[in-house]
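Participant: I have a structure I would like to understand better, so I am pasting it below and will then ask my questions one at a time.
The numbers here are math on the coordinates, done by the rules we state, and not lab data. This structure is a prediction, so every number in the text was calculated from the model and none was measured. For neighbour counting, all protein chains shown are included, and Cβ atoms are generated from backbone atoms with ideal geometry for every residue, glycine included.
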Amino acid sequence: MENGSVYNETTEPQAKSPRRPFGCTLRHLWGWRLPTKTLQAILSLLAVICEEIVKDCIKCGGLYFFEFTSCSAFLLSLLILCVYCTHVYETFGEDKVQRV
């Protein structure tokens, strides 16, 4: 009772987690999955760019559908990369991420 306190510290202070740049981690998307998702994002962006190069078309319905699907694939692959490679995965939890 040096400090007049009856109680002693019973737990160790929590260690700070290592600082990651931009919160990036490859713990949840490793092996062949990371290069595959990155390649998917690059190729879908390339498809959007190639579609925008087309100036004239006779029947544009297919071209508009291709634009929609390639832009959607690009945005969804970026979302997947952001969720699995940042701290968002730990924040929401595995069950909620899998459900979404």
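Participant: Students often check this: by mean Cβ neighbours within 10 Å, which of 56-63, 76-83 ranks highest, and how do the rest follow?
Facilitator: Peptide ranking by packing, descending: 76-83, 56-63.
Participant: Separate question: Going highest first, how would you order 85-92, 46-53 by mean Cβ packing within 10 Å?
Facilitator: Output ranking for 85-92, 46-53: 85-92, 46-53.
Participant: Next question, about the same structure. Computed over the Cα atoms, what is the radius of gyration of the range 31-96 divided by 2.2 N^0.38 Å, N being its residue count?
Facilitator: 1.42
Participant: With Cβ to Cβ distances under 13 Å as the rule, what net charge do the other residues near residue 63 carry (K, R +1; D, E -1)?
Facilitator: Here the charged neighbours net out to -2.
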